[in-house]
Amino acid sequence: MEKKTEIRAYKDEFYPPVPTKATKFWRTNILYQFYKFWRLNFKIMRIVVKGHS
Amino acid sequence: MAKVVVLGAGISGHTAASFLKKMLGKKHEVVVISPNRYYQWVPSNIWVGVGRMTVDQVRFPLDKVYKKWGIVYKQAKALEFFPEGDSENQFPYVTIEHVSAEQKGEREKVSYDYLVNATGPKLNFEATPGLGPAKFSYSVCAYDHAAHAWEGLQKAIEAMKNGQKQRLLIGTGHPGATCQGAAFEYTLNIAFELKRKKLSHMAEITWITNEYELGDFGMGGAFVKRGGYITSTKVFTESVLTENNIKWIKRAGVTKLEEGVAHYQTLAGEEKTQKFDFAMLIPAFKGQDFKAYSKTGEDITAKVFAPNGFMRVDADYTPKDYEDWTIADWPQTYQSPAYPNIYATGIAFAPPHGISKPMKSPTGLSITPAPPRTGMPSGVTGKIVAQNISHFIKHGDSEHKHKASMGRMGAACIVSAGYSMTKGLGATMTVSPIVPDWQRYPEWGRDIKATVGEVGLAGHWIKLFLHYMFIHKAKGYPFWWLLPE
Ligand SMILES: Cc1cc2nc3c(=O)[nH]c(=O)nc-3n(C[C@H](O)[C@H](O)[C@H](O)COP(=O)(O)OP(=O)(O)OC[C@H]3O[C@@H](n4cnc5c(N)ncnc54)[C@H](O)[C@@H]3O)c2cc1C
């Protein structure tokens, strides 16, 4: 078993957010990621085009 | 007939040479000088380092492409610049030393009308005693280094399979190193591969970095829109590392390596050590140790190059306090102020200063990431310099029609976090501009609408797509010039 860091509420330490099961599911959901692929490519293209004068 | 000489055939030099030849045609000569006979798509070295790609998947020989395009290729390294010629030669030239088997050691003077210096960084392993593939750590900065790192990683994996816990240390190997993104990808890819092999419990992975906060990446961090909030790349990066059970040591300047031990100083001034069984640490970068001479033979290296060996261009190099840095300090044309027919593109130009806030330990050790110059700015600067030079040659003009500043240009960084077509992951990060413009974007320093930070399979697909797209472009396959940098 993979040993995970123990995270307890009210402990005076900082813990970054960790993904929920649902987030992990959507990260590798083929259809959703297919949509993301085009969306992110579009965002990247906008940056690329803006970078050239 | 004009002659343009390009030094270096990496992302920047190869882009410059290909566009120069396309725009200048047969009437003018384009010469490329590079010691490595291969073009390499450096971002995919990460996958060579975890055995997911072979060396031949990330490189190809340059001579065939240059023959097809009509570019003269010399497999040699440039040594000295004579921008005024010398007592016998009225034309400016560079001295080169051939490295091919047939001409090894032969020296030559190559004259030029225009010179593009795109020689990238020198991997300065010597700046950290014990660092580097020949000593106690691995690197993924070149394809042969990455293949070597994979050999080392395989040994660590074998040891894990035999029940021996392994300590893996990944990150920056010098207090002033840059390229955190590449090391970060490598860490995540290793974590992914170990998970795939069900060996995560046998490894203790530690991320060691000279960043003040994680997610700085040498660009002072960034803010991203994520899950209905605007959050910093610090939180984003810590989240990704925590999820992968990777520990981190930040504000650490690695000063020395011995077998299995990294020595580092913290920003608080403490001297500490971290033990490892496998370490991949990025070295400091510097320029290529070029020398420059005037017509009379006087050493003018300091006039042409900055103390770090990178070439001075149209940046504002006046020393300024961090609070006074602006995007206007960053170059736009990449032209040498001393010699207008010389340009430096990609990593080869000297940045005016850092982007991250300079930090010093009480002992005076500067522990600050150097500014990154990623693939996109390297390609874009190569292209605009080619466009301007072609314009000058064809129209006798001297006005730079094309400009590109890192204070205007954005960057897309796809951090691979695991190689698989169905289960792979990539963190897509975009920022615009690369250098924060606090005047234009007083709230976040950058255009928050253009800034992305997302983890998902799509990121892996994009990274893989970019791999094939840029290799297609570099090989000069149909419509290569339509593909963006
Ligand atoms: C592992 C890794 C992963 C990366 N991942 C990404 C990424 O995902 N996205 C991204 O945008 N950027 C990434 N980068 C950064 C990107 O690779 C660089 O920005 C880019 O390679 C810089 O291009 P360049 O042409 O300036 O230098 P280089 O690619 O280093 O090319 C320099 C060229 O100069 C030649 N040369 C060296 N010395 C001489 C000499 N004396 N005379 C003549 N020629 C010489 C070399 O042989 C080479 O051909 C990554 C970098 C690394 C190391």
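All of the numbers you see were taken from the coordinates with simple rules; none came from a lab. Given the structure is predicted, the values throughout are model-derived calculations rather than measurements. Positions of Cβ are generated from backbone atoms using ideal geometry, with glycine treated the same way; all protein chains shown enter the neighbour counts.
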- Message: Can you say what percent of the DSSP beta bridges in the protein assembly as shown, counting only those with both residues inside, are antiparallel? Round to 5.
- Response: 60 percent
- Note on the structure: Cα-based Rg and Dmax for the protein assembly as shown, in Å, come out at 23.1, 78
- Query: Averaged over peptide A:26-34, how many Cβ atoms belonging to another chain are found within 10 Å of each residue's Cβ?
  - Reply: 5
- Note on the structure: Applied in sequence order to segment B:314-324, the curve 6.51 cos²θ - 1.76 cosθ + 1.60 (Karplus, θ = phi - 60°) yields integer Hz couplings, x standing for Gly and Pro, of 7, 8, 9, 8, 4, x, 9, 6, 3, 5, 9
- Diffing segment B:165-172: the Karplus 3J(HN,Hα) column from phi (6.51, -1.76, 1.60, θ = phi - 60°), in whole Hz with x for Gly and Pro, holds 5, 10, 9, 10, 10, 10, x, 9
- Query: Helix-derived [θ] at 222 nm for the protein assembly as shown: sum -39500 (n - 2.57) over DSSP H runs of at least 4, divide by residue count, nearest 500?
  - Reply: -8500 deg cm²/dmol
- Selection of GluC sites (Glu not before Pro), segment B:106-183, meeting DSSP coil and at most 16 other Cβ within 10 Å: B:GLU106
- Short version: ³J(HN,Hα) in whole Hz for each residue of segment A:19-31, in order, from phi by Karplus 6.51 cos²θ - 1.76 cosθ + 1.60 (θ = phi - 60°), x for Gly and Pro, what are they? x, 7, 4, 5, 4, 5, 4, 5, 4, 10, 6, 4, 5
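Would you mind ranking B:HIS395, B:HIS467 so that the residue whose beta carbon has the fewest other beta carbons within 10 Å leads the list?
By the 10 Å Cβ count, ascending, the order reads B:HIS395, B:HIS467.
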- Query: Cα centroid distance between segment B:222-287 and segment B:15-94, in Å?
  - Reply: 34 Å
- Query: Which of the pairs B:LYS135/B:LYS286; A:LYS43/B:LYS320; B:LYS64/B:LYS394; B:LYS74/B:LYS473; B:LYS77/B:LYS403 have their Cα atoms more than 23 Å apart in this structure?
  - Reply: A:LYS43/B:LYS320; B:LYS64/B:LYS394; B:LYS77/B:LYS403
- Task: Could you tell me which of the pairs B:LYS161/B:LYS423; A:LYS50/B:LYS68; B:LYS27/B:LYS67; B:LYS225/B:LYS383; B:LYS3/B:LYS383 are separated by over 27 angstrom between their Cα atoms in the structure shown?
- Result: A:LYS50/B:LYS68; B:LYS225/B:LYS383
- Task: Quick one: which residues, 5 or more positions from B:TYR39 or on another chain, have an amide H under 5 Å from its amide H? H modelled 1.01 Å from N in the peptide plane, none for Pro or chain starts.
- Result: B:PHE60, B:LEU62
- Query: In segment B:318-388, what trypsin sites (Lys or Arg not before Pro) fall in a loop by DSSP, with at most 14 other Cβ atoms inside 10 Å?
  - Reply: B:LYS320
